[in-house]
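Chemist: Pasting in a structure now, in structure tokens, and then I'll have a few things to ask.
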Amino acid sequence: MDDLKTQAIRRGWLDEDDELLLDRLAFPLENDLADVVHDANRSVRDQVVADMLRGCAKPVRVRSCLAAEEEIVVAHVDRYGFPLRTVLGRETGLMRSDPYYSQDYLAIFYRDYYRSLYRPKRFSLSWFLAEQIRHGQRILEKLPEKLKPGARVLDVGCGTGGMLVAFAFEGCEVVGFDYGADYTAKGRRLGLDIRTGGFETIAGEKPFDLIMMSHVLEHVADPIGFVKSAAGALAEDGQCYIEVPGIFNIRNGYDGDILGYLQNAHQWHFTAATLRGVLARAGLQVETGDESIWCLSRRIKALETKVCEGERVLAEIEQLEARRAEEVLS
């Protein structure tokens, strides 16, 4: 029987000619990350690996949404131990998974595996809802001006809709949508207007004064097209709040380890500059934000701005590796 790496190459998930930037991020991992793979999610992880190596999940090549450019292969594995090829654009600094799952398999993954795989060892829906409510309050506090009563607020990928609670208490008209039917059903039990699906669920409605996309954009196949849909639902003077995991924020979380940061549900990996480049192409201009990454943006005419973050991102990855090596030796 072929070994796991050979199977992953034969199925098209990895390229045997790749030279990895980080040798330790080769597939398969020698050991699971203890805080990531545990008794509560190991069987789900093993099922997804089996789907990938047996051909149930088929790889699809992914082009950069910013530029055709020379690329560096950073890793062949993610924190869960999945065979996952991560590449870095040498000029732009945009990092992505290439290849990635087909849309057919993604529907299965998010329906059957995602929530079980990604939940911590101890999880409850009440904890998740409470975290969402607190985060909604934090977003509200970042807005430069208080929203007027009756302002329309949309949460894209809302889960149970907990982030909308703070805005509802401020007298806003709140709407959310998500593909997780179990979560949206629970949000409706709270009396929130939570819908199951995507942007089609708000077609033809009045525009929104604030649209939130919290840890959504890194998941989507076409981030520019996705943001265009959001911008089209935004009022002329409305704001869009977006946050995604940040490459320059790895040192402040994930134990400073890029392996702990990489995960198969994230197709794209941004810096503040690469996110600005994506948003500009979709018709949004960033007004404020940081490398954590969060930003507030407003509608503009779509622009193709040049992004040159490659050297900076490469230097950051190398510094993270050097710091990790020092910690291991100490």
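The values are calculated or read from the model by the stated rules, or taken from the named source; none is laboratory data. Computed from a prediction, not measured in an experiment: that's the story for all the values here. Cβ sites come from the backbone with ideal geometry, for glycine too, and all protein chains shown count toward neighbours.
Table: residues versus (1) in the same structural domain as residue 241 (by TED's automatic domain parsing); (2) small (Gly, Ala, Ser); (3) more than 23 Å from the chain's Cα centre (by Cα).
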residue: 142; (1), (2), (3): yes, no, no
residue: 151; (1), (2), (3): yes, yes, yes
residue: 167; (1), (2), (3): yes, no, yes
residue: 173; (1), (2), (3): yes, no, yes
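Chemist: A further question follows. Could you tell me whether segment 132-154 includes any residue that is part of a strand (DSSP E or B), surrounded by 14 or more Cβ atoms within 10 Å (Cβ to Cβ) and touching a Gly at 6+ places or on another chain (Cβ under 8 Å)? Break it down stepwise before answering.
Modeler: As a first pass, look at segment 132-154 and keep what is part of a strand (DSSP E or B): 152-154.
Among the residues that remain, those that are also surrounded by 14 or more Cβ atoms within 10 Å (Cβ to Cβ) are: 152-154.
Filter once more, keeping what is touching a Gly at 6+ places or on another chain (Cβ under 8 Å): 154.
Within segment 132-154 (the criterion being part of a strand (DSSP E or B), surrounded by 14 or more Cβ atoms within 10 Å (Cβ to Cβ) and touching a Gly at 6+ places or on another chain (Cβ under 8 Å)), the answer is yes, since at least one residue qualifies.
Chemist: Please tell me if residue 272 is of a type outside the set (Ser, Thr, Tyr), more than 17 Å from the chain's Cα centre (by Cα), crowded, with 20+ Cβ neighbours inside 10 Å and closer than 24 Å to residue 63 by Cα. Let's see the steps before the verdict.
Modeler: Details: of a type outside the set (Ser, Thr, Tyr): yes; more than 17 Å from the chain's Cα centre (by Cα): no; crowded, with 20+ Cβ neighbours inside 10 Å: yes; closer than 24 Å to residue 63 by Cα: yes.
It is false that residue 272 is of a type outside the set (Ser, Thr, Tyr), more than 17 Å from the chain's Cα centre (by Cα), crowded, with 20+ Cβ neighbours inside 10 Å and closer than 24 Å to residue 63 by Cα.
Chemist: On the given criteria, is residue 237 on the phi > 0 side of the Ramachandran plot and among the charged types (D, E, K, R)?
Modeler: Working: on the phi > 0 side of the Ramachandran plot: no; among the charged types (D, E, K, R): yes.
No.
Chemist: Related question: Can you find even one residue in segment 234-255 that is hydroxyl-bearing (Ser, Thr, Tyr), modelled with pLDDT under 95 and under 18 Å from the mean Cα position of the chain (by Cα)? Write out each step before concluding.
Modeler: Filtering segment 234-255 for residues hydroxyl-bearing (Ser, Thr, Tyr) gives 241, 254.
Next, from what is left, pick out any that are modelled with pLDDT under 95: 254.
After this cut, where a residue has to be under 18 Å from the mean Cα position of the chain (by Cα) as well, the list is 254.
For segment 234-255, residues hydroxyl-bearing (Ser, Thr, Tyr), modelled with pLDDT under 95 and under 18 Å from the mean Cα position of the chain (by Cα): present.
Chemist: Of these, 126, 64, which one is without any contact (Cβ under 8 Å) to a residue 40 or more places away in the chain, outside any helix (DSSP H, G or I) and hydroxyl-bearing (Ser, Thr, Tyr)? Before the answer, list the steps.
Modeler: Values: 126 fails: outside any helix (DSSP H, G or I).
Just one listed residue meets the conditions, 64.
Chemist: What is the one condition in (1) touching a residue at least 40 places away in the same chain (Cβ under 8 Å); (2) of a type in the set (A, V, I, L, M, F, W, C); (3) in a helix (DSSP H, G or I) that residue 221 does not satisfy?
Modeler: Condition not satisfied by residue 221: (3).
Chemist: Checking the condition touching a strand residue (DSSP E or B) at 6+ places or on another chain (Cβ under 7 Å) and of a type outside the set (Val, Ile, Thr), which residue from 124, 97 passes?
Modeler: Values: 124 fails: touching a strand residue (DSSP E or B) at 6+ places or on another chain (Cβ under 7 Å).
One residue alone meets the criteria, 97.
Chemist: A follow-up question, please. Could you list, ordered by first residue, the pairs with Cβ atoms under 9 Å in which the first is in segment 98-110 and without any contact (Cβ under 8 Å) to a residue 60 or more places away in the chain and outside any helix (DSSP H, G or I) and the second is basic (Lys, Arg) and surrounded by 16 or more Cβ atoms within 10 Å (Cβ to Cβ), at least 6 apart or interchain?
Modeler: Within 9 Å, the pairs are 98/85.
Chemist: Confirm whether residue 278 is out of contact with any Gly (no Cβ under 7 Å at 6 or more places or on another chain) and surrounded by 21 or more Cβ atoms within 10 Å (Cβ to Cβ).
Modeler: Numbers: out of contact with any Gly (no Cβ under 7 Å at 6 or more places or on another chain): yes; surrounded by 21 or more Cβ atoms within 10 Å (Cβ to Cβ): yes.
Yes: the conditions hold for residue 278.
Chemist: Let me ask something additional. Any residue in segment 289-307 that is part of a helix (DSSP H, G or I) and touching a residue at least 12 places away in the same chain (Cβ under 8 Å)? Spell out the reasoning first.
Modeler: Of all residues in segment 289-307, those part of a helix (DSSP H, G or I) come to none.
Checked segment 289-307: no residue is part of a helix (DSSP H, G or I) and touching a residue at least 12 places away in the same chain (Cβ under 8 Å).
Chemist: Something else now. Scan segment 189-216 for residues that are among the charged types (D, E, K, R), in a helix (DSSP H, G or I) and either surrounded by 21 or more Cβ atoms within 10 Å (Cβ to Cβ) or at pLDDT 95 or above (or both) and jot them down.
Modeler: As a first pass, look at segment 189-216 and keep what is among the charged types (D, E, K, R): 189, 193, 195, 200, 205-206, 209.
Those still in the list that are in a helix (DSSP H, G or I) too: 189, 200.
Listed by number, the list holds a single entry, 200.
Chemist: Going residue by residue through segment 236-252, is there one that turns out to be over 30 Å from residue 314 (Cα atoms) and crowded, with 19+ Cβ neighbours inside 10 Å? If you could, list the steps in order and put the result at the bottom.
Modeler: Our first condition is that a residue be over 30 Å from residue 314 (Cα atoms); within segment 236-252, this holds for 236-239.
Checking which are crowded, with 19+ Cβ neighbours inside 10 Å leaves us with 238-239.
Within segment 236-252 (the criterion being over 30 Å from residue 314 (Cα atoms) and crowded, with 19+ Cβ neighbours inside 10 Å), the answer is yes, since at least one residue qualifies.
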